[in-house]
Ligand SMILES: C[S@@+](CC[C@H](N)C(=O)[O-])C[C@H]1O[C@@H](n2cnc3c(N)ncnc32)[C@H](O)[C@@H]1O
């Protein structure tokens, strides 16, 4: 079976997800122009690609930076509710739903005659029952519900309706290991994106001196050891009527055969003993506790091996942890400590303020614009 899939990413992470897809041997399709009259807009927030069933499994299992993978069931124009219901009923719902299985509908309407999202959801639910011969109860989508309903994503844009089925279930950043979080944790997908964007090679030393719950270090250890990030979780496609369990087990065992014992020295520290304990518990659940050296220490006391590596980190930057005026000294100290202990190291520092980064006196060679917790942030890549 062949699928047209869309890997949904956080804004700014698209190039890194594209690189990950390329590493899996999958070439993304060129971005679709969403232009309507008087408007030219390229589709962003993800990448579209053609996939076999094996690729669908691998994308969910292996991609480190994508939020979810959705399957485009179909696309058609519709300007009335009867037309919507009739055309939606032609889609192959039986590939993703059993008759009577609960569904959740997420509808957005943009510049279309069908602008009432509640009405659209009702007609699509009706179309599913028409096709499957039995009513599928509509539920709200709550990430924490168990079992999750099958999420259906309906989008109207300039009278064109695109209907997709989620293949992932819980968002892909939920790898299953991070059950304990300290202050302002990063999403696992963003942490992986920082590592890829900073250019870390997976074998040189890596240091996070503000590790909090350990997300960056744990993602680094998973990358260094080539451990599939999704190997311990469920996915929505596992509940589809024709789920090929044999093929899935084969994909899982192929992925397991790629795992290596890594010698990349990964160091994670934080001045908060509670955070270090949580980070260690998380690393243990992820199966990488022995790959990371955790230390409870302030940034001013960090130690690093003489062989240069990468500092990839997310220091407090005010909005979520403490106010800016308290932070200038911390950033200045970070710069001093890195010059003293990590000369020639590469840096990837996530922050929301040019002023704070300026305090480190480390010149930024590249700035990657990202979003963290809904706020614009920048990964400042440089060299000590
Ligand atoms: C934004 S959080 C890091 C979150 C982390 N990336 C995660 O995913 O959980 C910043 C961390 O810096 C730590 N921190 C603040 N000042 C510090 C200092 N002077 N030395 C070391 N750690 C410090 C805090 O305890 C906090 O855990």
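The values are calculated or read from the model by the stated rules, or taken from the named source; none is laboratory data. Computed from a predicted model, the values in this text were never measured in an experiment. Here the Cβ positions follow ideal geometry from the backbone for every residue, glycine too, while neighbour counts run over all protein chains shown.
Go through the range 205-226 and give me each residue that's more than 16 Å from the ligand (Cβ to nearest atom) and either free of Cβ contacts under 8 Å to residues at least 40 places away in the same chain or assigned to a loop (DSSP other than H, G, I, E, B) (or both).
Of all residues in the range 205-226, those more than 16 Å from the ligand (Cβ to nearest atom) come to 205, 224-226.
Within the range 205-226, 205, 225, 226 meet the criteria.
Name the one entry in 185, 229 that is closer than 18 Å to residue 69 by Cα, within 16 Å of the ligand (Cβ to nearest atom) and touching a helix residue (DSSP H, G or I) at 6+ places or on another chain (Cβ under 7 Å).
Result of the check over 185, 229: 229.
Test of understanding: among 132, 171, 148, 179, which residue is away from the ligand (no atom under 16 Å from the Cβ) and surrounded by fewer than 20 Cβ atoms within 10 Å (Cβ to Cβ)?
Numbers: 171 fails: away from the ligand (no atom under 16 Å from the Cβ); 148 fails: surrounded by fewer than 20 Cβ atoms within 10 Å (Cβ to Cβ); 179 fails: away from the ligand (no atom under 16 Å from the Cβ).
Answer to the check: 132.
In the list 298, 283, 304, which residue meets the criterion of being within 29 Å of residue 230 (Cα to Cα) and in contact (Cβ under 8 Å) with a residue 24 or more places away in the chain? Lay out the reasoning, then the answer.
Numbers: 298 fails: within 29 Å of residue 230 (Cα to Cα); 304 fails: within 29 Å of residue 230 (Cα to Cα).
So the residue among 298, 283, 304 that is within 29 Å of residue 230 (Cα to Cα) and in contact (Cβ under 8 Å) with a residue 24 or more places away in the chain is 283.
Give just the number: which of (1) touching a helix residue (DSSP H, G or I) at 6+ places or on another chain (Cβ under 7 Å); (2) outside any strand (DSSP E or B) does residue 55 not satisfy?
Tallying (1) touching a helix residue (DSSP H, G or I) at 6+ places or on another chain (Cβ under 7 Å); (2) outside any strand (DSSP E or B), residue 55 fails exactly one: (1).
Please work out if residue 279 is modelled with pLDDT under 95 and touching a helix residue (DSSP H, G or I) at 6+ places or on another chain (Cβ under 8 Å). Step through it out loud before you land on a result.
Numbers: modelled with pLDDT under 95: no; touching a helix residue (DSSP H, G or I) at 6+ places or on another chain (Cβ under 8 Å): yes.
The answer is no for residue 279.
Could you tell me whether any residue of the range 190-204 is part of a loop (DSSP other than H, G, I, E, B), in contact with a helix residue (DSSP H, G or I) (Cβ under 6 Å, 6 or more places away or on another chain) and within 13 Å of the ligand (Cβ to nearest atom)?
Of the range 190-204, the ones part of a loop (DSSP other than H, G, I, E, B) are 199-204.
When the remaining residues are screened for being in contact with a helix residue (DSSP H, G or I) (Cβ under 6 Å, 6 or more places away or on another chain), the result is 202.
Remaining after also requiring within 13 Å of the ligand (Cβ to nearest atom): none.
No.
Residue-by-condition table, conditions (1) modelled with pLDDT of 95 or more; (2) more than 30 Å from residue 186 (Cα to Cα); (3) in contact with a helix residue (DSSP H, G or I) (Cβ under 9 Å, 6 or more places away or on another chain):
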{"residue": "18", "(1), (2), (3)": "yes, no, no"}
{"residue": "38", "(1), (2), (3)": "no, yes, no"}
{"residue": "64", "(1), (2), (3)": "yes, no, yes"}
{"residue": "69", "(1), (2), (3)": "yes, no, yes"}
{"residue": "72", "(1), (2), (3)": "yes, no, no"}
{"residue": "77", "(1), (2), (3)": "yes, yes, yes"}
{"residue": "86", "(1), (2), (3)": "yes, yes, yes"}
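Here is a yes/no grid of residues against (1) more than 9 Å from the ligand (Cβ to nearest atom); (2) buried (at least 20 other Cβ atoms within 10 Å of the Cβ); (3) at pLDDT 90 or above; (4) within 30 Å of residue 17 (Cα to Cα):
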residue	(1), (2), (3), (4)
301	no, no, yes, no
310	yes, yes, yes, yes
319	yes, no, no, yes
323	yes, no, no, no
329	yes, no, yes, no
336	yes, no, yes, no
339	yes, no, yes, no
349	yes, yes, yes, yes
354	yes, no, yes, yes
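Within the range 283-297, take every residue that is closer than 20 Å to residue 202 by Cα and within 14 Å of the ligand (Cβ to nearest atom) and give me the one that is surrounded by the fewest Cβ atoms within 10 Å (Cβ to Cβ).
294
Going by the structure shown, is residue 186 under 26 Å from residue 365 (Cα atoms) and either part of a strand (DSSP E or B) or free of Cβ contacts under 8 Å to residues at least 24 places away in the same chain (or both)?
On the way: under 26 Å from residue 365 (Cα atoms): yes; either part of a strand (DSSP E or B) or free of Cβ contacts under 8 Å to residues at least 24 places away in the same chain (or both): no.
In short, no.
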